[in-house]
Amino acid sequence: MDNLSDTLEKLKLTGSDCTSDKLDGCLDCLLQALGQNNLESSGKIQQSGILQVFARLLSSQLSCTAKIAHIIAEIAKNEQLRIPCVDSGLIPPLVQLLNCKDQEVLLQTGRALGNICYDSHSLQAQLINMGVIPTLVKLIGLVEAGLVECLLDIVHETVSSDKEEDIAELKTASDLMVLLLLGDESMQKLFEGGKGSVFQRVLSWLPSHNHQLQLAGALAIANFARNDGNCIHMVDNGIVQKLIDLLDGHVEDGNVTVQHAALSALRNLAIPVVNKAKMLSAGVAEEVLKFLKSEMPPVQFKLLGTLRMLIDAQAEAAEQLGKNVELVARLVEWCEAKDHAGVMGESNRLLSALIRHSKSKDVIRTIVESGGIKHLVTMATSEHVIMQNEALVALGLIAALELQSAESYLESAKLVQVLHRLLSDDKSAPEIKYNSMVLICAVMGSEPLHKEVQSLAFLEVVSKLRSHENKTVAQQASLTEQKLTVQS
């Protein structure tokens, strides 16, 4: 360790003025010390302030750049030293090195970035914001440089080991594989029409007993599934059953990150229209419902998104799920999850989707009896036009098919006042104005709601909309005005 202290002192004093040979010797000494006792040596290196010197040296493009990146990769295996690596300004020069043609530099830079961002979504997001992904896309010369094969070899060598450093290396290698898939071009290159060896190897990770590999496999599938053609190919070639089998192993006290990743993959796979019926037949909805008891918001969010994608234009599935009292009760509960805006939004959207896609009286009755109406009325005031519109269409179907049973709930949720506000607001989108007027006409079949319409100045607001620049809105305004006049 005295030798290490001397080396650090020498580096600190001479830094970038050091000759290449002397620098090489110092770096070899650091690598040797890290090999003997990584944690202690890493701590000493960090305390010495050498990381800032490394940031300058990396920018100088020296012959020993690969060694410096290698040292950083070794140091960043230690969780407590990752933030100091970022704070020392190492990320920008490392990102620049991804443009280098030297294979060893690329490999060690990839390892360094992968280790620094190990298990940290915020650091990974920082990398993406700094333009790493476009760099990786340009670089799917990384594939030619052998990085992917190298990562797969690391996975193969470390998967059965219980050693802490091997487990960390396995995670870094598999995380870096997933990072490579974030670029569209690199993802397609590695997919190779579903015949790529990388894609095939990733498939073999799903049935593994290693949670890290299962996670990386599911995340990789979710990334491959960003393209409709890939989704269709994967569903036609049996990926759904593999994901169902994976999820089955994580129902009781399962690994939350694996659940989240597998549900993400299923959600993406369910986007193409041709996949929906196939996935429903394969039992995806039933599998997803097994996680209804989950108390983890990330899992809840993906569960909701997957079901919403599956029932899009699938009337039978929407009806079956919409009559599921346990599901609807959970949705109503999650509609009040104010601490988790994503879960709250997705719950509202799924409630609306169950009605819109099933157009079923039974589904509407289930949602009315479970207390879902007030959430749909609140959703109509959302800041997102798409959610407002989905809510208004669902409420329109409720008013058209089950007005009598929903009447008191619509009244207590102050639907008529909400519609008056939406129509009076100049900022409301044309489709919001149109669907609000359709809904006004529908609720006038209810005596108490009709009275509320009469008590507010709807005629005045609607008559102004007859001259609206959108023809559909203007036509609906004329029809609504006639109805209001006749029934006043």
Item to check | Translational diffusion of the stretch 414-488, µm² s⁻¹ [Kirkwood Rh, Cα pairs; Stokes-Einstein; 37 °C; 0.692 mPa s] | outcome: 274 µm²/s
Item to check | On Cα atoms only, tilt of 2-14 relative to the major axis of the chain in degrees | outcome: 80 degrees
Checklist entry - If one computes P(r) from the Cα atoms of the stretch 332-488, what percent of pairs lie at distances over 25 Å? => result 26 percent
Checklist entry - Dividing the alpha-carbon Rg of the stretch 260-413 by 2.2 N^0.38 Å yields what? => result 0.97
Checklist outcome for this item: So, over other residues within a Cβ distance under 11 Å of Glu481, counting Lys, Arg +1 and Asp, Glu -1, the net charge is +2
Next on the checklist: Below 8 Å between Cα atoms, with a sequence gap of 6+, how large is the relative contact order for the chain in percent?
Outcome noted: 6 percent
Item to check | In degrees, nearest ten, helix 211-224 long axis to first principal axis of the chain (Cα) | outcome: 60 degrees
Checklist entry - What shape does the stretch 152-205 have by the C-alpha gyration tensor, where a ≥ b ≥ c are the square roots of the eigenvalues, rounded means a/c under 1.5, and otherwise prolate means a/b greater than b/c and oblate the rest? => result oblate
Item to check | Label-point separation, Ser281 to Leu456 (7 Å along Cα→Cβ), nm | outcome: 4.7 nm
Checklist entry - Among Ser88, Ser59, Ser42, what is the fewest-to-most ranking by other Cβ atoms within 10 Å? => result Ser59, Ser88, Ser42
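Run through the stretch 316-411 and list the GluC sites (Glu not before Pro) located in a DSSP loop whose Cβ has at most 16 other Cβ atoms within 10 Å.
Glu336, Glu383
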Item to check | Angle between the chain longest axis and helix 471-486 axis [Cα atoms, degrees, rounded to 10] | outcome: 30 degrees
Next on the checklist: Below 12 angstrom from the Cβ of Lys427, what's the summed charge of the other residues (Lys, Arg +1; Asp, Glu -1)?
Outcome noted: -1
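Only Cα pairs under 8 Å and at least 6 apart count here; give the relative contact order of the stretch 414-488 as a rounded whole percent.
32 percent
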Item to check | Likely footprinting exposure, Leu354, Leu81, fewest C-beta neighbours within 10 Å first | outcome: Leu81, Leu354
Checklist entry - In Å and whole numbers, how far do the C-alpha atoms of the chain stretch along each principal axis, longest first? => result 96, 44, 36
Checklist outcome for this item: Classified through the alpha carbon gyration tensor (a ≥ b ≥ c as square roots of its eigenvalues; rounded if a/c is under 1.5, else prolate when a/b is larger than b/c, else oblate), the stretch 150-269 comes out oblate
Next on the checklist: If neighbour count is taken as other Cβ atoms inside 10 Å, put Lys464, Lys302, Lys171, Lys427 in order from fewest to most.
Outcome noted: Lys427, Lys464, Lys171, Lys302
Checklist outcome for this item: For the stretch 204-332, the Debye formula with one identical point scatterer on each Cα and no solvent gives log10 I(q)/I(0) at q = 0.18 Å⁻¹ as -0.92
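Rounded, prolate or oblate for the stretch 297-337? Axes are the square roots of the Cα gyration tensor eigenvalues, ordered a ≥ b ≥ c, and the cut-off for rounded is a/c under 1.5.
Because a/c hits 1.5 or more and a/b fails to exceed b/c, the stretch 297-337 counts as oblate.
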Next on the checklist: How many angstrom lie between the Cα centre of the stretch 177-210 and the Cα centre of the stretch 333-367?
Outcome noted: 35 Å
Checklist outcome for this item: The answer for the net charge of residues other than Asp362 whose Cβ lies under 9 angstrom from its Cβ, with Lys and Arg +1 and Asp and Glu -1, is +2
Item to check | Karplus-derived 3J(HN,Hα), 6.51/-1.76/1.60, for each residue of the stretch 436-449, Hz, glycine and proline x | outcome: 5, 5, 4, 5, 4, 4, 5, 6, 6, x, 9, 4, x, 6
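Rule-based calculations on the coordinates, nothing more; no lab input. None of these values were measured; they are calculated from a predicted model. A quick note on method: Cβ atoms are made from the backbone with ideal geometry, for glycine too, and the neighbour counts reach across all protein chains shown.
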